[in-house]
1. What is the distance, in nm, between label points placed 7 Å from the Cα along the Cα-to-Cβ direction at residue 91 and at residue 63?
2. How much FRET efficiency would the formula 1/(1 + (r/R0)^6) give for residue 25 and residue 100, where r is the Cβ-Cβ distance and R0 is 41 Å, rounded to 0.05?
3. Quick one: ranking 139, 108 by accessible area, 1.4 Å probe, largest first, what do you get?
4. Output the direction-averaged projected area (hull surface divided by four) of the convex hull of the alpha-carbon atoms of the range 1-123, in nm².
5. Please work out the Cα center distance from the range 10-37 to the range 49-123, rounded to the nearest Å.
6. What per residue convex hull volume, in Å³, comes out for the range 59-112 when only alpha-carbon positions are used?
7. Just going by the charge dipole of the range 52-154, with Lys and Arg at +1 and Asp and Glu at -1 on Cβ, which of 89, 79, 106 is farthest out on the positive end?
8. Counting only heavy atoms of the protein chains, get the accessible area per residue of the range 11-151 (1.4 Å probe) and round it to a whole Å² value.
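The values are calculated or read from the model by the stated rules, or taken from the named source; none is laboratory data. All values reported here derive from a predicted model rather than from experimental measurement. Counting neighbours? That spans all protein chains shown, and the Cβs are built from the backbone with ideal geometry, glycine included. Only protein heavy atoms, including side chains, enter the accessible area calculation; ligands, DNA and RNA are left aside. Shrake-Rupley method; radii C 1.70, N 1.55, O 1.52, S 1.80 Å.
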Amino acid sequence: MTRNDIGPSRTTLLQALAEFRFHLRSFLRFSEQVAQDHHLRPRQHQLLLQIAGIPEGRLATINFLAERLGLRQNSVVELADRSVAEGLVRRDEDAADRRRTVLSVTGKGMRILDALSASHARELDEFGPGLIRALERIKAVRTASASTSRPSALASEAPASRTHRAKGPR
(Lines give C-alpha, C1' and ligand atoms only; values in the text may rest on other atoms or scores of the structure.)
Protein backbone atom coordinates (compact mmCIF):
# COMPACT_ATOMS: atom_id res chain seq x y z
CA MET A 1 0.00 0.00 0.00
CA THR A 2 1.40 3.37 -0.99
CA ARG A 3 0.76 6.79 0.52
CA ASN A 4 -1.61 7.56 -2.35
CA ASP A 5 -3.71 4.52 -1.42
CA ILE A 6 -4.07 5.71 2.20
CA GLY A 7 -5.40 9.20 1.56
CA PRO A 8 -4.08 12.59 2.69
CA SER A 9 -5.91 12.91 6.03
CA ARG A 10 -5.05 9.37 7.09
CA THR A 11 -1.43 9.90 6.03
CA THR A 12 -1.29 13.12 8.08
CA LEU A 13 -2.71 11.35 11.12
CA LEU A 14 -0.26 8.48 10.75
CA GLN A 15 2.62 10.95 10.45
CA ALA A 16 1.45 12.78 13.57
CA LEU A 17 1.10 9.52 15.52
CA ALA A 18 4.52 8.34 14.33
CA GLU A 19 6.08 11.63 15.43
CA PHE A 20 4.45 11.39 18.86
CA ARG A 21 5.57 7.78 19.24
CA PHE A 22 9.13 8.77 18.30
CA HIS A 23 9.27 11.51 20.95
CA LEU A 24 7.66 9.28 23.58
CA ARG A 25 10.00 6.37 22.87
CA SER A 26 13.03 8.70 22.90
CA PHE A 27 12.12 9.85 26.39
CA LEU A 28 11.50 6.28 27.55
CA ARG A 29 14.91 5.20 26.21
CA PHE A 30 16.49 8.08 28.12
CA SER A 31 14.60 7.04 31.28
CA GLU A 32 15.70 3.42 30.99
CA GLN A 33 19.33 4.41 30.44
CA VAL A 34 19.40 6.82 33.40
CA ALA A 35 17.93 4.13 35.67
CA GLN A 36 20.63 1.69 34.55
CA ASP A 37 23.29 4.36 35.10
CA HIS A 38 22.08 4.48 38.73
CA HIS A 39 22.33 0.66 38.98
CA LEU A 40 18.56 0.15 38.86
CA ARG A 41 16.45 -1.86 36.53
CA PRO A 42 14.00 0.43 34.71
CA ARG A 43 11.08 -1.35 36.39
CA GLN A 44 12.61 -0.73 39.80
CA HIS A 45 12.70 2.97 39.00
CA GLN A 46 9.03 2.82 38.02
CA LEU A 47 8.21 0.93 41.22
CA LEU A 48 9.96 3.55 43.37
CA LEU A 49 8.22 6.35 41.49
CA GLN A 50 4.77 4.79 41.90
CA ILE A 51 5.29 4.15 45.61
CA ALA A 52 6.67 7.63 46.34
CA GLY A 53 4.11 9.35 44.11
CA ILE A 54 1.07 7.47 45.34
CA PRO A 55 -2.16 9.50 45.30
CA GLU A 56 -3.43 10.82 48.62
CA GLY A 57 -5.54 8.28 50.49
CA ARG A 58 -4.13 5.24 48.66
CA LEU A 59 -1.79 2.54 49.94
CA ALA A 60 1.11 1.12 47.95
CA THR A 61 -0.19 -2.45 47.93
CA ILE A 62 0.86 -5.11 45.46
CA ASN A 63 -2.55 -4.90 43.73
CA PHE A 64 -2.35 -1.12 43.39
CA LEU A 65 1.21 -1.24 42.08
CA ALA A 66 0.41 -4.03 39.62
CA GLU A 67 -2.35 -1.85 38.17
CA ARG A 68 -0.15 1.26 38.01
CA LEU A 69 2.82 -0.57 36.48
CA GLY A 70 0.75 -2.68 34.08
CA LEU A 71 2.26 -5.87 35.51
CA ARG A 72 0.89 -9.04 37.04
CA GLN A 73 0.84 -9.31 40.81
CA ASN A 74 3.50 -12.03 40.88
CA SER A 75 5.82 -9.83 38.80
CA VAL A 76 5.36 -6.96 41.26
CA VAL A 77 6.07 -9.32 44.17
CA GLU A 78 9.36 -10.36 42.50
CA LEU A 79 10.22 -6.73 41.77
CA ALA A 80 9.45 -5.79 45.38
CA ASP A 81 11.54 -8.72 46.66
CA ARG A 82 14.58 -7.51 44.66
CA SER A 83 14.02 -3.93 45.78
CA VAL A 84 13.70 -4.94 49.44
CA ALA A 85 16.88 -7.03 49.16
CA GLU A 86 18.71 -4.00 47.69
CA GLY A 87 17.46 -1.74 50.50
CA LEU A 88 15.33 0.45 48.22
CA VAL A 89 11.89 -0.52 49.54
CA ARG A 90 10.46 -1.61 52.88
CA ARG A 91 7.53 -3.96 53.41
CA ASP A 92 5.06 -3.33 56.22
CA GLU A 93 1.90 -5.11 57.24
CA ASP A 94 -1.27 -3.10 56.61
CA ALA A 95 -2.65 -2.17 60.03
CA ALA A 96 -6.23 -2.36 58.77
CA ASP A 97 -5.84 -5.67 56.90
CA ARG A 98 -2.98 -7.88 58.04
CA ARG A 99 -3.26 -9.97 54.86
CA ARG A 100 -2.01 -7.01 52.80
CA THR A 101 1.53 -5.74 52.49
CA VAL A 102 2.21 -2.04 52.08
CA LEU A 103 5.43 -0.90 50.44
CA SER A 104 7.33 2.30 51.17
CA VAL A 105 10.54 3.77 49.81
CA THR A 106 13.58 3.70 52.10
CA GLY A 107 16.02 6.58 52.52
CA LYS A 108 18.42 4.92 50.06
CA GLY A 109 15.61 4.45 47.54
CA MET A 110 14.50 8.06 47.96
CA ARG A 111 18.03 9.39 47.37
CA ILE A 112 18.25 7.45 44.11
CA LEU A 113 14.71 8.46 43.12
CA ASP A 114 15.50 12.13 43.82
CA ALA A 115 18.55 11.96 41.52
CA LEU A 116 16.54 10.21 38.80
CA SER A 117 13.66 12.64 39.12
CA ALA A 118 15.96 15.65 38.80
CA SER A 119 17.52 14.28 35.61
CA HIS A 120 14.08 13.37 34.23
CA ALA A 121 12.76 16.87 34.90
CA ARG A 122 15.77 18.39 33.10
CA GLU A 123 15.29 16.02 30.17
CA LEU A 124 11.59 16.84 29.96
CA ASP A 125 12.58 20.45 29.42
CA GLU A 126 14.08 19.20 26.15
CA PHE A 127 11.62 16.42 25.21
CA GLY A 128 8.46 18.10 26.51
CA PRO A 129 7.96 20.66 23.76
CA GLY A 130 8.30 17.97 21.05
CA LEU A 131 5.78 15.76 22.82
CA ILE A 132 3.37 18.66 23.21
CA ARG A 133 3.72 19.67 19.54
CA ALA A 134 3.11 16.08 18.46
CA LEU A 135 -0.02 15.83 20.64
CA GLU A 136 -1.29 19.15 19.33
CA ARG A 137 -0.73 17.97 15.76
CA ILE A 138 -2.71 14.78 16.43
CA LYS A 139 -5.53 16.84 17.90
CA ALA A 140 -5.48 19.26 14.97
CA VAL A 141 -5.55 16.44 12.42
CA ARG A 142 -8.43 14.72 14.21
CA THR A 143 -10.34 18.00 14.55
CA ALA A 144 -9.86 18.77 10.84
CA SER A 145 -10.85 15.23 9.94
CA ALA A 146 -13.95 15.36 12.15
CA SER A 147 -15.11 18.63 10.62
CA THR A 148 -14.88 17.18 7.10
CA SER A 149 -16.41 13.78 7.97
CA ARG A 150 -20.06 12.93 7.67
CA PRO A 151 -21.95 12.83 11.02
CA SER A 152 -22.99 9.20 10.40
CA ALA A 153 -19.36 8.14 10.03
CA LEU A 154 -18.45 9.82 13.32
CA ALA A 155 -21.37 8.21 15.11
CA SER A 156 -20.21 4.76 14.06
CA GLU A 157 -16.72 5.45 15.51
CA ALA A 158 -17.88 6.81 18.87
CA PRO A 159 -19.11 3.58 20.53
CA ALA A 160 -15.86 1.76 19.76
CA SER A 161 -13.84 4.54 21.38
CA ARG A 162 -16.00 4.55 24.49
CA THR A 163 -15.88 0.77 24.72
CA HIS A 164 -12.09 0.81 24.51
CA ARG A 165 -11.78 3.42 27.26
CA ALA A 166 -14.19 1.55 29.51
CA LYS A 167 -11.94 -1.52 29.53
CA GLY A 168 -9.03 0.34 31.17
CA PRO A 169 -8.28 0.35 34.91
CA ARG A 170 -10.52 2.53 37.05
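1. 1.8 nm
2. Computed FRET efficiency for residue 25 and residue 100 comes out at 0.70.
3. Values: 139 145, 108 95 Å².
If we order 139, 108 from most to least accessible, we get 139, 108.
4. Across all orientations, the range 1-123 yields a mean hull projection of 10.6 nm².
5. 26 Å
6. 79 Å³
7. 79
8. I get 62 Å² per residue for this part.
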